[in-house]
Every structure is written in C-alpha cells, then in structure tokens.
Amino acid sequence: MPARLFLSSGDMIADRRFEFARDLQLKGDLVAAADLLLQAVELAPNFASAWFTLGEIRAQLGENDDAIAAFRNARDADPDDRHGASLRLMRLGAEPLADMPQAYVQVLFDQYAPRFETALVDDLGYRGPSLLFKAVLSVRAAARKPAFFRHAIDLGCGTGLAATAFAKEVDRFIGIDLSPRMIERARLTGLYAELEVADMTQGLRGKPEASADLILAADAMVYVSDLAPLLREVARVLASGGLVAFTVETHAGEGVLIGEGLRYAHAATYVRAQVAAAGLNLVHCDNLSARNEDNVPAPGLVVVAAKT
Ligand SMILES: C[S@@+](CC[C@H](N)C(=O)[O-])C[C@H]1O[C@@H](n2cnc3c(N)ncnc32)[C@H](O)[C@@H]1O
C-alpha cells in the first residue's frame, strides 16, 4: 500500500494529537484514538486528515452514522477530497455511486509510483497486460488478421506495463494517465511517442475520430464507475476494424458496485450492455483475474471489443 496521506492542520498541537491517535489506532486502541482525534478537530476544525481517520475508526467500530458525519467533514475540509472520503461514503451507502475524485487518484498513484511495479506485480501477482496481450492475439488469430497495430492508446498507462507487453506489435503508443508521477515512470520506458496527464475520457476527447487501431486499458477501468461515456469516446476514436481491450473487476450481481479494495466492480451483463450501447462488437469476454486481493484472485473479466 502507498504511504498514508497526511495533510497538516497548520496547528502543531493538533498535528501532535493526530500522531498520538494514529499510534493508538495502530495498537488497536480505537476508542482512545477516536477521543484524541476529537480533541484534534476541536483545536483545528478543518483538519481533513483527522476527520478522515476518525471516519475510518468510527466505521471500524460499527458506528456508521458518526463515520458518515466524519467523512463528510473530511471532504468539506478538503473539497478536492485527496483522502477519498467520497469513496468511503459510497461504501457506507451514504451516497450514490459516482466517479472517484481525480485528486484522490492522483495522490494515490503519485505516492504509489516509485514502488508500483514491485507492489503490483510481485505482491499482488498482477497479470493484466499479459492477459490483454493473449486475448488480443487470439482475437486476431480467429479473424485471420495480423496482430500488428499502427496507432495504439494506453488508457491509465501507469508505468508502462501494457505498452511493454505490446511493444513488438505496436508502431506508435500514446499513454494517458491522471498521475504525473506514473507518467514520469512511463516516459522512462521510451515506449510512448506521446504521454498526457489527463483523465482517460477527457484525454480521448482530444483525439481525432478513427485515429487509433488499438485501445488498451489494463486495470484502469476499475477506477471508473460509469463506463458509458468512456466507451463512447473509445468507439469514436477507434478506426474501423480497430480493437479495444480492457480488464475490469467483476461481481456476480448486476450493475456496478464499489468493492472493499475501493475499486469498482462491473457486472458482466453491465459490461456487455455498455459495449453494445457504444456501438462496439464484443468479440471476447473471459472470466479471468488480473490481480490478487488478500492472496485470492479478484474476480475479473478480460474483454475485447471491435469497431466494425
Ligand atoms: C492499477 S494502475 C494500472 C497501470 C497500467 N495500466 C498497468 O497495467 O500497469 C491504474 C492506473 O490508472 C490510472 N487512472 C485511474 N483513473 C484514471 C482516470 N480516470 N484517467 C486516467 N488514468 C486513470 C492511475 O493513475 C494508474 O496509473
């Protein structure tokens, strides 16, 4: 996990109370930790990190109404919501499912960037790029077409693992990612002709119609709740005969939910419906997991759709 975000209150005593409270929380003394955090926010009412931590502790104690109030205070104190209090509110059912705050995703992955590949590949057995690669090769083989692509776009490119998997099959790669630090790492691979710090849907909006023959999103759509606007842009930017290949986490029910790992899980029926609504043709959908969660494969789908 990336380091925990701390936003100073600007008040030394309140910050110190927060530190003591964190020690108590880590030692399991949740009631005493909550007490100290309340004292910290008494001194510094706009102390987002203290409100957020108080929300976590209240939720751990099963005091959901108080947790909801604390998370709302955390978000009021930091309207960009770098801690991701909105996600906790969605998990608690206090707010409807919505997109993640961009500042939260940026902070999360900026902090993650230096250790990302070790954490994901070694610790979580991450295999998204190789699953996409195999799926795209099998789709192309079935269509008796060469698996070579002139213009590819890597959505949520991270450090460049998907471009690395497809490097021999792609002439020119564009990478789009919200996190500047991840983009810096991607640049070091030398695999991308262009790299852009942007939300993936916004980034695609700036690309000309029919300008890509492959669009990849490896473990990136798990950070997007509503796939409809994104897949519409994908369909617009893909050239005829082009492919989009992506992984999602999934669940046995209907629609979209936010999982314990604070990533969205999209039901297979939902994915199929959104692919069709975007005017794309689903050519491959396998129940395969891209990474582990608590040492168990997280249920996932590997999807390839074509623009006809
Ligand atoms: C788990 S990483 C996967 C990175 C890479 N695709 C790979 O396979 O290693 C998810 C990436 O998606 C990016 N991301 C999340 N939400 C995004 C969004 N809405 N727009 C652009 N990038 C996003 C994150 O910054 C992060 O780099």
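Scanning the stretch 163-176 for residues that are under 17 Å from Arg150 (Cβ atoms) and either within 11 Å of the ligand (Cβ to nearest atom) or touching a strand residue (DSSP E or B) at 6+ places or on another chain (Cβ under 9 Å) (or both) yields Ala163, Phe166, Ala167, Glu169, Val170, Asp171, Arg172, Phe173, Ile174, Gly175. Every listed requirement among (1) touching an Asp or Glu at 6+ places or on another chain (Cβ under 8 Å); (2) in a helix (DSSP H, G or I); (3) farther than 22 Å from Glu249 by Cβ is met by Ile174 save one, (2).
Of the residues that sit in the stretch 141-196 and are within 15 Å of the chain's Cα centre (by Cα) and hydroxyl-bearing (Ser, Thr, Tyr), which one is farthest from Leu108 (Cα to Cα)? Per the criteria, the residue is Thr159. The residue of the stretch 120-133 that is nearest to Leu230 (Cα to Cα), among those that are touching a residue at least 60 places away in the same chain (Cβ under 8 Å) and more than 9 Å from the ligand (Cβ to nearest atom), is Leu131.
Restricting attention to the stretch 134-161 and to residues that are within 16 Å of the ligand (Cβ to nearest atom) and within 14 Å of Ile215 (Cβ to Cβ), the residue that is surrounded by the fewest Cβ atoms within 10 Å (Cβ to Cβ) turns out to be Ala135.
Do you know which residues across the stretch 210-226 are of a type in the set (A, V, I, L, M, F, W, C) and either under 11 Å from Met200 (Cβ atoms) or assigned to a strand (DSSP E or B) (or both)? Across the stretch 210-226, the qualifying residues are Ala212, Leu214, Ile215, Leu216, Ala217, Ala220, Met221, Val224. Could we say that Ser130 is closer than 23 Å to Thr308 by Cβ and in a helix (DSSP H, G or I) here? Considered against the rule, which asks whether it is closer than 23 Å to Thr308 by Cβ and in a helix (DSSP H, G or I), Ser130 comes out as no.
Read-outs throughout are calculated quantities, based only on the coordinates presented, and are distinct from any laboratory measurement. Keep in mind that what you see is a predicted model, and the values were worked out from it rather than measured. FYI the Cβ positions are ideal-geometry reconstructions off the backbone, even for glycines, and counts take in every protein chain you see.
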